[in-house]
Amino acid sequence: MILKHLSILNYKNLAEVELSLSPKINCFLGDNGMGKTNLLDAVYYLSFCKSHSNPIDSQVIQHDADICMIQGKYEFADGNEEEIYCALKRRQKKQFKRNKKQYDKLSAHIGFIPLVMISPADNELIMGGSEERRLFMDVGISQFDKLYLQSLVRYNNALQQRNALLKQDNIDISLLELWEETMIEEGIAIFEKRKLFIEDLTSIFHDFYTAISHSKESISLEYSSQLNGNTFKERLLDARKRDMILGHTTVGVHRDELEMMIDGYPIKKDGSQGQKKTYFVSLKLAQFQFLSKKSNTKPILVLDDIFDRLDETRVKEIIRLVSGDDFGQIFISDTNRQSLDRILQPFNNNYHLYSVVNGEIQPINN
């Protein structure tokens, strides 16, 4: 699957963009703040119905505009073509269409255009709170498992309703039990699928880390959950009185954690900058390979300014890996033309190179 053509209107600082794209490598060169990341974010938006960096939709509309639009034309391995269109107007509902037909639910689109994005923000996978690591698992699984996404939506709704009841003075126990039943059913399904995901991902992740780092560092991922070895129903019931006092739910998959270790210690505390970056890059590449097998198509890979603070050996190894047949269409941004030229050497001119200056994007001759 490839993105053949991209049209953008008033998306952040990108006033008007029309690009016919390479089926292999598309590189965007420019200083920080020029719009490289915004272009890649627009590609991300077409896959996930939302921005990678802006949780509020209205923030992606250019300041002096009332509407923004993103349109992508895709070609699949069987030759089938699809058009994805998104329009955002201030104070109006977002439009998201596939071949001019609007989705009833945006969740129905997730996984149709599989994509993995790697950016400096992924450092939060290591340094951020547990919600960042749960999000990593949720995004990874939801792109190939619709039932998982439905379970996640139902669980979070039941959790929200239970928390609202816990804050009341006179709690309707029968209603509380109803929401708890939903949490238990969906929570068990989420737990089982997260557990399998991490088990399958770990060996792939280990292979990528070893290849990129050329080291014998011992790395590991461990999925930690209150449901592991415990009956969710009993734990939820045992915690009910405490939860009533606290006013929120203290037991469930919304408190799951993904332990990230290096040489037996948490990488969050003991890893160097290079190790941490290699760790999350390897984790995302493992997610890509896992998703590629599960979805039977090569996802789009987006590499946003990830080569800074990595030594030459690690950069070369990442490029060697992604230039192989296991990877399809790739989008890359960088600030340094010299380093970008080195990155592009293995691709034998099978790429498009663009200059990005103040939101204007122009092709550069190879």
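In table form, for the structure just shown:
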| read-out | value |
| --- | --- |
| Selection within the stretch 154-206 - of a type in the set (D, E, K, R) and over 15 Å from residue 258 (Cβ atoms) | 154, 162, 167, 169, 172, 177, 180, 181, 185, 186, 192 |
| Residue within the stretch 43-54 that is more than 24 Å from residue 143 (Cα to Cα) and not in a helix (DSSP H, G or I) present | no |
| Number of the condition not met by residue 140 [criteria: (1) of a type in the set (Gly, Ala, Ser); (2) crowded, with 19+ Cβ neighbours inside 10 Å; (3) free of Cβ contacts under 8 Å to residues at least 60 places away in the same chain; (4) out of contact with any Ser or Thr (no Cβ under 6 Å at 6 or more places or on another chain)] | (3) |
| Lone unmet requirement of (1) aliphatic (A, V, I, L, M); (2) in a strand (DSSP E or B); (3) under 30 Å from residue 262 (Cα atoms) for residue 87 | (3) |
| Answer from 319, 219, 306 - the residue that is touching a Phe, Trp or Tyr at 6+ places or on another chain (Cβ under 7 Å), among the hydrophobic types (A, V, I, L, M, F, W, C) and at pLDDT below 95 | 219 |
| Pair list, Cβ under 6 Å, 6 or more apart: the stretch 253-271 residue at positive phi, other residue crowded, with 16+ Cβ neighbours inside 10 Å and in a strand (DSSP E or B) | none |
| Where a residue in the stretch 297-312 is at positive phi and its partner, wherever it lies, is surrounded by 22 or more Cβ atoms within 10 Å (Cβ to Cβ) and not in a loop (DSSP other than H, G, I, E, B), with Cβ under 8 Å and at least six apart | 305/36; 305/37; 305/333; 305/334; 309/277 |
| Cross-chain or 6+ apart pairs with Cβ under 8 Å, the stretch 106-124 first and over 13 Å from residue 144 (Cβ atoms), then among the acidic types (Asp, Glu) and buried (at least 16 other Cβ atoms within 10 Å of the Cβ) | 117/304; 118/304; 119/304; 119/305; 120/304; 120/305; 124/132 |
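The values are calculated or read from the model by the stated rules, or taken from the named source; none is laboratory data. All values derive from a computational prediction rather than experimental measurement. For neighbour counting, all protein chains shown are included, and Cβ atoms are generated from backbone atoms with ideal geometry for every residue, glycine included.
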